[in-house]
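Presented below is the structure to which this report refers.
Quick note: the coordinates plus some simple rules give every number you see, no bench work behind them. Everything quoted here is computed from the prediction, not taken from an experiment. Using ideal geometry, Cβ is built from the backbone for each residue, glycine included, and neighbour counts are taken over all protein chains shown.
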């Protein structure tokens, strides 16, 4: 995958009011289209990112992008601009946030799920793009999926994500956060696309569920994990990414900082 995308990104090629649109599965597409409904949002740069734990047909994201591009053109013509899809990954950052200390974190908090830090990772690695443009990032996070809860998309989790991104003078926008009905999302995107289909899968999917598929969530433990680890590691990673883009930091420095908060 592409790690050099940020260096090849030329901000002068984009309108200053452009929002970064996280691009992955169906909900991210729905969020971009929902955002475009606002009269104040006219330019979106979609960026696809992967974690290193995903598998499947990665070319599907380009097919999905073509569907989205046609949908935007049909709805808005030349009144709204969807820029060409970029791809940017930082598997080294994902590993440090979500893999290296998993046993230590599980012992400290009495549970652990990669999914929480993984979603924050997707948001954090868009910060430099956002800061070069409008400072806003569109995310397809939803608190409920037809009644099903996800530990990485609970209200308190999403609030923690927003809190971290705000620290860097950026805003994480979640246009479909309160849309629970999947059919409503599908209606929004305008073509037949069932949840969980037509995009890469994750080898760790459902790791916080029991054998029957129910989410195992201890709110007290989760709140402590979010405040002590997720928010703190998010601040460290975000600061590092900004300084790294200016050639001020190296990954070895980051490892020491993350280790210090655990």
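Which of rounded, prolate, oblate describes segment 154-214, given a ≥ b ≥ c as roots of the alpha-carbon gyration tensor eigenvalues and a/c under 1.5 marking rounded, otherwise prolate only if a/b is larger than b/c? Oblate. Spin-label model, residue 11/residue 261: points 7 Å from Cα along the beta carbon direction are separated by 2.5 nm.
Our note on the geometry: Cα centres of segment 76-129 and segment 139-157, 16 Å apart. Output the relative contact order of segment 91-218, whole-number percent, from Cα pairs under 8 angstrom with separation of 6+ residues. Computed over segment 91-218, the figure is 23 percent.
When the square roots of the Cα gyration tensor eigenvalues are ordered a ≥ b ≥ c, the ratio a/c for segment 203-262 is 1.5 or more and a/b exceeds b/c, which makes its shape prolate. As a rough guide to protection, the peptides 10-20, 29-39 ranked by mean Cβ packing within 10 Å, highest first, stand as 29-39, 10-20.
Once fully extended, how much extra length lies between residue 106 and residue 37, figured as 0.36 nm per residue of separation less the alpha-carbon to alpha-carbon distance? Working shown, then result.
Values: separation 69, 0.36 × 69 = 24.84 nm, distance 4.18 nm.
Residue separation times 0.36 nm, minus the Cα-Cα distance, leaves 20.7 nm.
If you average 1/r over all unlike Cα pairs in segment 13-84 and invert the result, what Kirkwood radius do you get in angstrom? Numbers along the way, then the final one.
Working: mean 1/r = 0.0782 Å⁻¹.
In segment 13-84 this quantity evaluates to 12.8 Å.
Relative contact order for segment 37-106: 50 percent, from Cα pairs under 8 Å spaced at least 6 residues apart, divided by residue count. Short-range pairs are left out: with C-alpha atoms under 8 Å and at least six residues apart, the relative contact order of segment 5-260 is 26 percent.
Between rounded, prolate and oblate, where does segment 1-160 land on the alpha carbon gyration tensor, with a ≥ b ≥ c its root eigenvalues, rounded for a/c under 1.5, else prolate if a/b exceeds b/c? It comes out prolate by the Cα gyration axes. Distance from the Cα centroid of segment 167-241 to that of segment 26-47 is 18 Å (rounded to whole angstrom). If r is the Cβ-Cβ distance from residue 74 to residue 201 and R0 is 25 Å, what FRET efficiency results, to the nearest 0.05? That pair, residue 74 with residue 201, gives E of 0.25. Summarised in one figure, the compactness ratio Rg/Rh of segment 67-121, Cα atoms and Kirkwood Rh, is 1.32.
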